[in-house]
Amino acid sequence: MTSPPETTLTFYEDFYRTELEVWVDALTLSERFGPCLVLSETLCHPHGGGQKGDRAVLALDGEVGKRLGLEKMAIVDTRREGERIVHVLDGAADTAALEEALVGTRPFLLRLDWKFRHHQMRLHSAAHLLHCFVEKIVGESAGGPPLEFPETSDLQPEFGLNRYARKELLDAARMERVVAELNAFSAEGHSIATRADPETEGFRYWECAGWVIPCGGTHPRNTAEIGPVEATLSLKRGKTGMTFRVPAG
Ligand SMILES: [Zn+2]
């Protein structure tokens, strides 16, 4: 069997696009994730770079839907598996029937779970801005030592965590200042850009107000979309952790 062509990452053209006609190139049975779809192109950002894999539905048209007894298929996660991007299906499925009905038969409408994605986009830019303002208040900009990127910068569905391999990088009062300055800055409505590195394929950057952070994730266009960030500090085992949230969309 020949492997299907690589999935086109259409979300990089427009992070706000929520619907796309796609072809199903393959149905795979992953040991780790169960039945998965490989699509010709996708709006779903795969799990990675701290960001959770996108969720979506694949709308099934009348004839295919009737044959399968389904109006849509839920995609509950998007992952990289080896070289491929796999769209993880919800639960058990008759894979032979799905393969026959879906693979290469016609285009289907992929609808992104925008509420989930937009929240991840806002959390993700909050993670970067949090780092920028910690640097501003305790890093080189404030006459302190240079601040390395967090060793962990991870998003969950509801919150994010930046953790630095530094003991007591800052205290509660400084943390409060970080959050206050971050929120005042965000409310001013600064543009956020993401761009590909022209020299290194697959390498991308996040940019805002002169700050540049290597990142392949998805982000809003403007800081005003993020909303007021809340963050709590934890100083444990020689590390400085910051758990942060943005308002529900
Ligand atoms: Zn990012």
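Every number in this text was worked out from the coordinates using simple rules, so none of it is lab data. This structure is a prediction, so every number in the text was calculated from the model and none was measured. Cβ coordinates were reconstructed from backbone atoms using ideal geometry, including for glycine residues, and neighbour counts include every protein chain displayed.
Given their separation in residues at 0.36 nm each and the Cα-Cα distance between them, D154 and D14 gain 48.1 nm when the chain is fully extended. Helices in the chain, meaning DSSP H runs of at least 4 residues, each add -39500 (n - 2.57). Divided by all residues, the mean residue ellipticity at 222 nm is -7500 deg cm²/dmol. Total lysine pairs in the chain at Cα distances under 29 Å, for residues eight or more apart or on different chains: 13.
Note on E176 and E207: their simple-model spin labels are 3.7 nm apart, each label 7 Å out from Cα toward Cβ. Using R0 = 45 Å, the C-beta based FRET efficiency linking A187 and K167 works out to 0.90. Converting phi to 3J(HN,Hα) with the Karplus coefficients 6.51, -1.76 and 1.60 and the offset θ = phi - 60°, segment 94-101 yields 7, 5, 5, 5, 5, 4, 5, 7 Hz in sequence order, with x at every glycine or proline. Sparse packing (at most 14 other Cβ atoms within 10 Å of the Cβ) combined with a DSSP loop state is found for the following trypsin sites (Lys or Arg not before Pro) in segment 13-114: R17, R32. Residues T223, T10, T105, arranged from fewest to most other Cβ atoms within 10 angstrom of their Cβ, appear as T105, T10, T223. Relative to one another, the C-alpha centroids of segment 91-145 and segment 1-51 are positioned 13 Å apart.
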